Each structure stands twice: as C-alpha cells, then as structure tokens.
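The values are calculated or read from the model by the stated rules, or taken from the named source; none is laboratory data. None of the values given here were measured: they were computed from a predicted structure. We place every Cβ from the backbone using ideal geometry, glycine too, and count neighbours over all the protein chains shown. Side chains are part of the model used for accessible areas, which takes the heavy atoms of the whole protein and leaves out ligands, DNA and RNA. Shrake-Rupley method; radii C 1.70, N 1.55, O 1.52, S 1.80 Å.
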Amino acid sequence: MAEGNGNVGSPLKAKDFKTDQEVRWCPGCGDYAILAALQSFMPELGVPKEKIVFISGIGCAARFPYYMETYGIHSIHGRAPAIATGLSTSRPDLSVWVVTGDGDALSIGGNHLIHALRRNVNLKILLFNNQIYGLTKGQYSPTSPLGKRTKSTPMGSLDWPFNPLSLAIGAEASFVARSIDTDRAHLTEVLRAAANHRGSAFVEIFQNCNIYNDGAFDFVRDDKTNRIYLEHGKPIRFGEDGEKGVRQHADGSVEVVEVTDESELVVHDAGHAEPSLAFALSRLTRDTSGATPIGVFRDVRRGVYDELMGEQIELAQQKQPGELAALLHGGGTWTI
Amino acid sequence: MTIEALKEIDGITKREAERAKNMFALGLMSWLFGRPTEGTIAFLRSKFAKRPEIAEANVKAFNTGYAFGETTESFSVQYEVKPAALRPGVYRNITGNTALAYGLIAASVKSGLPLFLGAYPITPASSILEELARHKSFGVRTFQAEDEIAAVGAALGASFGGSLGVTTSSGPGIVLKQETIGLAVTLELPLVIVDIQRAGPSTGMPTKPEQADLLNVLYGRNSESPIPVIAASTPSDCFEAAIEAARIAIKYRTPVFLLSDAYLANGSEPWLLPDSDAIPPIEPNFTRGNGGDFEPYLRDEATLARPWAIPGTVGLEHRVGGLEKEDVTGNVSYDPDNHDRMVRLRAQKVAGIAQDIPELAVDDPDAADTLVVSWGGTYPAVAAGVRRVRAKRKKVAHAHLRHLNPFPRNTGEVMRGYEKILVPEINLGQLVKLLRAEFLVDATGFNLVRGIPFRASEVEQAIDAMVDA
C-alpha cells in the first residue's frame, strides 16, 4: 500500500478541503451549510487528507465528493454503501465517508444501506434528508409524508414514509444520530461523535430543499423549542426553558409531557445494549409530538466488519502463509 | 447381491450394506475395463478410516463386484483402455472453478495486489467463492454480499483502493451487475468479472451449460461501453484464462469479462501443473503523480491506460465518477467534442489490446477450404469433431478464439483465407454474428441449445456436411 505520511508540518485548515470545482447546488440549498460544516470539521478528524475518501451515489447530495479535496467516487444510484464496503474492508487504514440522500439511500439503495449497517462496516454515512427528489425536479421520495402533493403525486402520496432512524436502528446500526443543516455547532458535534465511532455511523441530516420542498423541517429548523436535544446520561428535557420532557411508558414507548417532576423523565442512554429506547425516541416526530429529537440516539460497540475480516486473514497467515506452488500441488498429484 | 455379500460383516445395518451397492458396480466396471483396484481400495480405507466396518463393507462390495465380472459369463468382452499419451510432468485433477480460483490467486501473487472477491451465491459460480474463502492465507478477502449489485460494487470499491477486485456470477447475476460494470468502464479501474454461463433466459436451467451470454457481456450496458472479453476452453485452461483476464485488467485499467460455463466449472481433467515461478509478474504501476497537478485521465501513450492513484498516495487526491469526464483532467464535462473524444478513447484503448495478445493460431495441416471457428468450452468437442473428419481423409482447419474482444489482430485475415467457415456454438449464433459483422465473411453457424455440451459426432456431422457441400 502507498505511504500515508503526508501533511506533516502545518495543520490542515477548512480551505485545504475545498476543491477548485464550482459548487453547483441551487442558491439557498441546505447542502451548502453541510459542506461548510464538514470542510471545517475535517481538520479536526486528524487524518491526512490522502487517507480520506468520500463516496456518493446519485442525487443532489451526491455531488459532494467533487467539492472535497480528498479521494472520492461519485458512483451510481444507491450503490455508495456497497462500493464503500469494498473499499473500507480492503483498506482499513482509510477514513471512508458515504454521502447520500433520502432517495439514494432509502429507495434504490435501501438494501445496501441496511446490510452495511448490520455488518457494522467502518463507514460514516451521512444521509441528507430533504423528503423530495431534487435532482430529478420534484417527485416524492420514500421519506415524503403521506398525502404529499408532488409532480408525481398530484392527488397526494399513497406511500407510507420511511423513518430513516427507525430503519437504521431496526437494522441494528451501532451508531445512529440526527442533526440539522443550519445548526453548525450541533452538526459538528454529531460529526465528531460519528467520526469517533468505530463501525458504521449513520447520521440523518435534515436538509432544506428550498426549490422543491421548502420548509419541510421548519418546525425544528426555525423553531428551536421543538428540538429535543439528546444528551447521554441526562433526563430528556427541551423547550424554551426545559419545560417539556420525554417520559417512557411501561410498554417502552415514549411521549412528550410538561415537566412537573424530573424523576418521571427518561434518562437518555445512547450506549444501552438494547436498541429499544433509541427506537422509541425515533418515533417522536412532527406528526406524533410536534417535536423531534436531535443528537446521538445510539452509540454502542460491537465487532467491526473490516477489523474482523483483517483478523481472520492475520490468523490464517500466522498459521501458514500462502505459497503458490504448494497450493497448485495440493490435492493429490501424480507424475508421468 | 451386495447385501448377501456383506452379511458376515459385523456392525453394519442392512441399510448401510445396501448403500455399498455403488461399490459393487464400481468393482464390476473395474473388471470390465481392466482397471487396477489398489487405488480404489486405498481410497475407501482412508475415506472411511473412522468407521472401519463401513470401509470393510465397501471394499468387500467392490471386490465382490470385480469377482462377479470375472466369474459370470454374462459379458462376452472385456476392454482395456491404454494410458493417454500425456506430456511428462506432475499432474493433478482439477475442475474449472477450482482452476479459476487458483488463477485469481496466482494473479494476486504475481501482481502483489491483494485479491478481493465480491460475490453472491449463484449456481454454477458459487464454488469459486467457496474455494477463495479457504485461502485467506494468501490475503484473499471474500465478501458474500447482500446481492449481485453489492458484490460487484464492493469489488470495484476495493479496486479503487488498490486491490485486484473480482466478482463472480452467472447470467442472471451478470445482468444485475451491468450498471456497475459500466461505471468501471468509465472509472477505468481494473476489475475482473467472471460469468459462469448457464442455460437461460431468466432462471433457465441453472446447472446446465450454454454460451449465450456473449452478446450480453459485450453489449449489455447502456451507451458505448467497450470491455475486453476472454473465454476459457477447458477446466485447466480456466487457470491461465484467469491470469490473462487479470493481466489485461491491471495493465489497461479496465473491467474484463472472463467467460466459463457450467460444464467447464464442474468438469475435471488431469492438469499438467505449471511452474509457478515461470508465471510472469504483473506490474500494477501505481502512479506517484504525473508532474504538477495530478491529472487522473492523462493516458499512457502506448496503452492509453490512465494512471491508477490509490488512496493513501500523498498529493494525488482526486475524484472520479460516472459523469463524463474531461480528457486528461478528469473534471466533469458536458462538452460535445470532449464526449466524442472520450467515447473514442475508451474504445481505442480496448481495441489496442489486440496488439498485446497472441495472433489467432490455425490448426490446418492439409491446406483446407473449410475453417471451423470455436470459442469457450466447446473446444474439446470441436477439436474431436475435427479429428474425426480428418480421419476420413477430409480437409478441415480449426481455429479457437480465447479473446472475443478484441479479436486477435489477424482474425480477419484468417477468416478471409477460407472459402467456407463453420461456427459451432451453444447458442443461436452469437460469435457468427460478430464475425460476419466485423469481417464481412460468409460464416455459417452450427447451433444446438440443449443445455448440454456438443458431442464430437454432432460436430463431425456438421463439418462433414459443409466440407462435402
């Protein structure tokens, strides 16, 4: 493998991650804010940029790699997690990031997403959710709400939408989080937690498409009192002065309540072995409670696919390194 | 008879005794063909070493069958097969899929590139995945993917990272992979795609061979998507063919199709083992940069291959993708003339491989007027058919194509040198279509699509008909 000792000397800055390519999203697109947040976070990653790879599929978000001064592949629709799986498992020394959207990850690429998550491949998957197909100019997506009127659903969508976090938790993702395009500080914090996680990290980012689905997340983007900030080990409170909180029922489901007694509130435990609380929290949406959690829902350690594969190879090679002549002559030979 | 013979052996049930009847039959056959018995007996004793009574029963059944042949008077003849005239050397038995897996390992060893196989189980290709999974000691990574698409995607991702990316499948899986293979064509990264052809369309007859994927692998992707194609001709040839596929993939930075079929995959033959030291090295030639700003599509003048810059190489950070790229820089470009140039460059690169492969050899001892052209797994049957025709003092020439794209550089010349051309294929005439289109020759197909290999006699009759016409 190639040497990876670059960037000794002056530390990297955000501008080191900018390319000479003109950024071509619509003016006002939420993607700009995410790009800026990521470029300024990257130096903190502490990984030389030649060891970072961004892989995307197809969609507006998928142009991302062109704007990151790292290695990158702008691949095909939905397949980024599969391509990234091959890269990450064969090159565990790299920091591999997948940038995807709601159509890319949850519709055409749904299978690859859930399997990457269950295997716990060492990938950081950023899903820009804008609840619409932007690049193809405004058809409904698998996260569009029921009844949504779009160009392809003039009488309203009949499709029950996916909840990306519920799906990821159901696929037993070891790290699941959510943030918002315009909340730079929070997004950076979530990216940091994702980067520090060993294994698959799944991050949903609410991203406004101001052209085809403007205002889809205004209830939390504009109104911060509806953001339920999740902090590990703390009772879940939110609102202007923390006057609201989240309480857990005996059946495991959760609801938003006015706080009278803090001891009634559920204490967030992102590291719980069981995903039940994380799943219950993912069910708090605009529809169910008018508010929705952001932050790290789940962050647990389990075997990382890339590392496990590397260990098997190491074990086999320790036993007996492969030798071509011996391989060919195995299995019974005779001489004429 | 078997049960009767095994009555005296302790510790076996009647059912177990009955199951030894195949050994009775093998004993009888061994007598009929005058085969030595020691090897079989030693095999049985080692196979059932843990159950001596079962070993004993099988050996006894085998010996009884042999004795039955000797004493019964039901047979009026006994045959003796003389040893085949094989070149001296060390041999082993090998199936096509095992040879193919070994060839991939050899290519990995000879190139120094770690082997990464992405595969989804499918008949008749699965045994390559199973074989390679056993060879982690060579640093082989096998990834059983969630589907065919992920299998090729992961292989391509591994290639981007500097591995020898390989995916194996059969027709129904190949069609699912074609979108990603198109990406590999435009990314210009090494990738070996193995298609163990089986009878189709759709699920077809999964365990039966066919040669009907040729046009699909050549043309089954959107737009102009040129790709080299190599076909193995015998089980042991799968070894060489796999190395050749990897060599071309690595040298030309291109996906390469390697075609085999269900018959080659599971068929076995004695294999004269190659000297592993004599297999030439494959130079991956990772780039260290091409001066100034890195230009990922600045091509090698001789091969037209682009530089392969793998992550981890300082200063060569670059982005590639499925969008059309500007010549040299690799930046996204919608420029009309650039697109035309890139389409032609990709085609020229693949066409140029013709200068790097052997000329088409013609077996023509008698200056015949008729040429038989075959490809892939029909080689043994077609060669036997040709021999049979010649044994009748008729003249016929035979050429077998290993490279289906590009064709060897003298193919047109060879074709135009004969009055009549017969192309036997287990499809409705795919190579014959290519030869007619490419070289304007009046080639005729001989086609049977039954999911079984040709018989030498069938090829013989077809050649006779053409030679005599």
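What the table below lists for this structure:
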quantity: Mean separation of Cα contacts under 8 Å (6+ apart) over length of region B:19-64, as relative contact order %; calculated: 56 percent
quantity: Gyration tensor (alpha-carbon) shape descriptor, region B:331-469, a/c threshold 1.5; calculated: prolate
quantity: Per-residue [θ]222 nm for chain B (sum of -39500 (n - 2.57) over DSSP H runs n ≥ 4, rounded to 500); calculated: -12000 deg cm²/dmol
quantity: Cα-centred dipole magnitude for region B:160-288, charges only on beta-carbon of K, R (+1) and D, E (-1), debye, nearest 20; calculated: 400 debye
quantity: For region A:47-154, the Rg and Dmax computed from alpha carbons only, in angstrom; calculated: 14.4, 49
quantity: Size descriptor, Kirkwood hydrodynamic radius, that averages inverse alpha-carbon separations across the protein assembly as shown, Å; calculated: 29.9 Å
quantity: At 0.890 mPa s and 25 °C, Stokes diffusion of chain B via Kirkwood alpha-carbon radius, µm² per second; calculated: 99 µm²/s
quantity: Dipole of the protein assembly as shown, positive end: most advanced residue of B:234, B:418, B:127 [Cβ charges, Cα centre]; calculated: B:418
quantity: Probe 1.4 Å - accessible area at residue A:314, Å² to nearest ten; calculated: 110 Å²
quantity: Too-long pairs where the Cα-Cα distance tops 32 Å, listed order kept, from B:394/B:433; A:49/B:110; A:51/A:234; calculated: A:51/A:234
quantity: Label zone at residue B:338, where the point sits 7 Å out along the Cα-to-Cβ direction: region A:60-93 residues whose backbone N lies under 14 Å; calculated: none
quantity: Shielding of A:323-334 by partner chains, average beta-carbon count, 10 Å; calculated: 6
quantity: Alpha-carbon spread of region A:200-332, three principal axes, descending order, Å; calculated: 77, 44, 23
quantity: Overall Cα dimensions of region B:1-124, principal axis frame, Å, largest first; calculated: 60, 39, 25
quantity: On Cα atoms only, tilt of B:148-160 relative to the major axis of chain B in degrees; calculated: 60 degrees
quantity: Ranked by how many other beta carbons lie within 10 Å on average, peptides B:450-458, A:89-97 from highest; calculated: A:89-97, B:450-458
quantity: Listed residues B:405, B:383, B:74: farthest to the positive end of the dipole of chain B (Cβ charges); calculated: B:74
quantity: Listed peptides B:83-89, B:439-445, B:227-233 by packing density, highest first (mean Cβ within 10 Å); calculated: B:227-233, B:439-445, B:83-89
quantity: Where labels lie 7 Å past Cα in the beta-carbon direction, separation of residue B:347 and residue A:149 in nm; calculated: 4.9 nm
quantity: Three-way shape label, region B:93-278, alpha-carbon gyration tensor, a/c 1.5; calculated: rounded
quantity: Expected 222 nm ellipticity per residue - DSSP helices of 4 or more, -39500 (n - 2.57), all of chain A, to 500; calculated: -8000 deg cm²/dmol
quantity: Peptides ranked, highest mean first, by Cβ atoms within 10 Å: ranges B:160-171, A:11-22; calculated: B:160-171, A:11-22
quantity: Cα-centred dipole magnitude for chain A, charges only on beta-carbon of K, R (+1) and D, E (-1), debye, nearest 20; calculated: 800 debye
quantity: Cα-based helix-to-principal-axis angle, A:30-45 vs chain A, degrees rounded to 10; calculated: 50 degrees
quantity: Peptide-level mean, for A:308-314, of C-beta atoms on other protein chains within 10 Å; calculated: 3
quantity: Antiparallel DSSP beta bridges within the protein assembly as shown, as percent of all bridges there, nearest 5; calculated: 30 percent
quantity: For residue B:48, solvent-accessible area (1.4 Å; no DNA, RNA or ligand), Å²; calculated: 60 Å²
quantity: Cα-based radius of gyration of chain A once divided by 2.2 N^0.38 Å, which approximates compact folds; calculated: 1.10
quantity: Distance between region A:310-336 and region A:7-69 - C-alpha centres, whole angstrom; calculated: 44 Å
quantity: Distance from region B:51-81 to region A:212-242 (C-alpha centre basis), Å; calculated: 84 Å
quantity: Equivalent ellipsoid dimensions for region A:103-218 as semi-axes, Å, which come from the Cα gyration tensor, largest first; calculated: 26, 17, 10
quantity: Of all DSSP beta bridges in chain A, antiparallel share, percent nearest 5; calculated: 35 percent
quantity: Mean-position separation - Cα centroids, region B:400-469 and region A:184-199, in angstrom; calculated: 62 Å
quantity: Shielding of B:305-315 by partner chains, average beta-carbon count, 10 Å; calculated: 6
quantity: In region B:336-439, GluC sites (Glu not before Pro) in a DSSP loop with at most 16 other beta-carbon atoms within 10 Å; calculated: B:359, B:419
quantity: Relative contact order of chain A, defined on C-alpha pairs under 8 angstrom at six or more residues apart (%); calculated: 14 percent
quantity: Inter-site label distance for residue A:234 and residue B:329 at 7 Å from Cα along Cβ, in nm; calculated: 4.8 nm
quantity: Angle in degrees between helix B:52-71 and the longest Cα principal axis of chain B, rounded to the nearest 10; calculated: 70 degrees
quantity: Region B:362-468, dipole about Cα centre (Lys/Arg Cβ +1, Asp/Glu Cβ -1), debye to the nearest 20; calculated: 240 debye
quantity: Solvent-accessible area per residue for chain A (1.4 angstrom probe, square angstrom); calculated: 42 Å²
quantity: Farthest positive-ward along the protein assembly as shown dipole, Cα basis, beta-carbon charges - from B:107, A:45, B:292; calculated: B:107
quantity: Calculated FRET efficiency for the pair residue A:23/residue B:202, C-beta based, R₀ 56 Å, to 0.05; calculated: 0.80
